[in-house]
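Down below is the structure, laid out as structure tokens.
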Amino acid sequence: MKHTAVYLTENFIRLNNVTLGEDVKIYSFVNAYGCEIGDETRIGAFVEIQKGVKIGRRCKISSHSFLCEGVTIEDNVFVGHGVMFTNDKFPRATNADGSPQSEADWAVVPITVKKGASIGSNATILAGVTIGENAMVGAGSVVTKDVPDNATVAGVPARPVAEARTK
């Protein structure tokens, strides 16, 4: 189901050019535009989902999270409260000449979160990272490098903290 410019004032939900799967649940104060949200996914309050983001089926995106352009989240992924994704390795407000940057002045660096991964609350995922299948990222971690399938990482920067899991 494709939604263009829907604003639900009773719940302060803004959807603009969003493709929603079946049985998607979106809670109050969500701003989503130009993205895709898969079947049976739940989006918590105070979440922003930017253009080009793809969220798979049966995911849970907890409140206060920010999913910027370039993020792909596969099926069955858990994103904890306040998780931040970045899409630029060298962010700047202006160019060298002082003029404001526009979309033409930088390139989106994508992030992929693979099937079954879990990201703890307040983690930050830096541009260009892939989080592997069934991997776990500890709360408050800053993920600067790829996380292998089934790995558990935590810390700043995130490092392996447990043996790889098979389930």
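Could you list all residues from the stretch 130-139 that are part of a loop (DSSP other than H, G, I, E, B) and within 14 Å of Val79 (Cβ to Cβ)?
Correct list: Ala135, Gly138, Ala139.
Scanning the stretch 102-129 for residues that are assigned to a loop (DSSP other than H, G, I, E, B) and among the polar types (S, T, N, Q), which turns out farthest from Ala158 (Cα to Cα)?
Across the stretch 102-129, the extreme among qualifying residues is Ser102.
So Ser102 fits all but one of (1) touching a residue at least 12 places away in the same chain (Cβ under 8 Å); (2) on the phi < 0 side of the Ramachandran plot; (3) not aliphatic (A, V, I, L, M); what number is the exception?
(1)
Just to be sure I understand, how many residues within the stretch 7-37 are outside any strand (DSSP E or B) and free of Cβ contacts under 8 Å to residues at least 12 places away in the same chain?
Matching residues across the stretch 7-37 total 2.
Is one or more of the residues making up the stretch 38-50 under 18 Å from Val143 (Cβ atoms), within 11 Å of the chain's Cα centre (by Cα) and free of Cβ contacts under 8 Å to residues at least 60 places away in the same chain?
Kept after step one, since they are under 18 Å from Val143 (Cβ atoms), are these residues of the stretch 38-50: none.
The answer is no; no qualifying residue exists.
Among the numbered conditions (1) farther than 21 Å from Gly70 by Cβ; (2) touching a strand residue (DSSP E or B) at 6+ places or on another chain (Cβ under 6 Å), tell me where Gly155 comes up short.
That leaves (2) as the condition not met.
Restricted to the stretch 146-167, and to residues that are of a type in the set (D, E, K, R) and at pLDDT below 95, which residue is surrounded by the fewest Cβ atoms within 10 Å (Cβ to Cβ)?
Lys167
Out of everything in the stretch 140-167 that is among the hydrophobic types (A, V, I, L, M, F, W, C) and not in a loop (DSSP other than H, G, I, E, B), what residue ends up being farthest from Thr86 (Cα to Cα)? Reasoning before the result, please.
Kept after step one, since they are among the hydrophobic types (A, V, I, L, M, F, W, C), are these residues of the stretch 140-167: 142-143, 147, 151, 153-154, 156, 158, 161-162, 164.
Next, only the ones that are not in a loop (DSSP other than H, G, I, E, B) stay: 142-143, 147, 153-154, 161-162.
Details: Val142: 11, Val143: 11, Val147: 16, Val153: 18, Ala154: 18, Val161: 23, Ala162: 26 Å.
Among residues in the stretch 140-167 that are among the hydrophobic types (A, V, I, L, M, F, W, C) and not in a loop (DSSP other than H, G, I, E, B), the one farthest from Thr86 (Cα to Cα) is Ala162.
Please specify each residue of the stretch 87-101 satisfying the condition of being part of a loop (DSSP other than H, G, I, E, B), under 24 Å from Thr124 (Cα atoms) and not acidic (Asp, Glu).
Listed by number, the residues that qualify are Asn87, Lys89, Phe90, Pro91, Arg92, Ala93, Gln101.
Give me the residue from the stretch 52-65 that is of a type in the set (D, E, K, R) and without any contact (Cβ under 8 Å) to a residue 24 or more places away in the chain and, out of that set, nearest to Phe12 (Cα to Cα).
My answer is Lys60.
Would you point out which residue out of Val77, Val129, Val108, Val143 is closer than 22 Å to Ile49 by Cβ, surrounded by fewer than 17 Cβ atoms within 10 Å (Cβ to Cβ) and among the β-branched types (Val, Ile, Thr)? Give the steps one after another, and end with the answer.
Values: Val77 fails: surrounded by fewer than 17 Cβ atoms within 10 Å (Cβ to Cβ); Val129 fails: surrounded by fewer than 17 Cβ atoms within 10 Å (Cβ to Cβ); Val143 fails: surrounded by fewer than 17 Cβ atoms within 10 Å (Cβ to Cβ).
When all the criteria are applied, what remains is Val108.
The values are calculated or read from the model by the stated rules, or taken from the named source; none is laboratory data. All of these numbers come straight from a predicted model, not from anything done at the bench. When we count neighbours, we look across all protein chains shown, and the Cβ atoms used for this are built from the backbone with ideal geometry, even at glycine.
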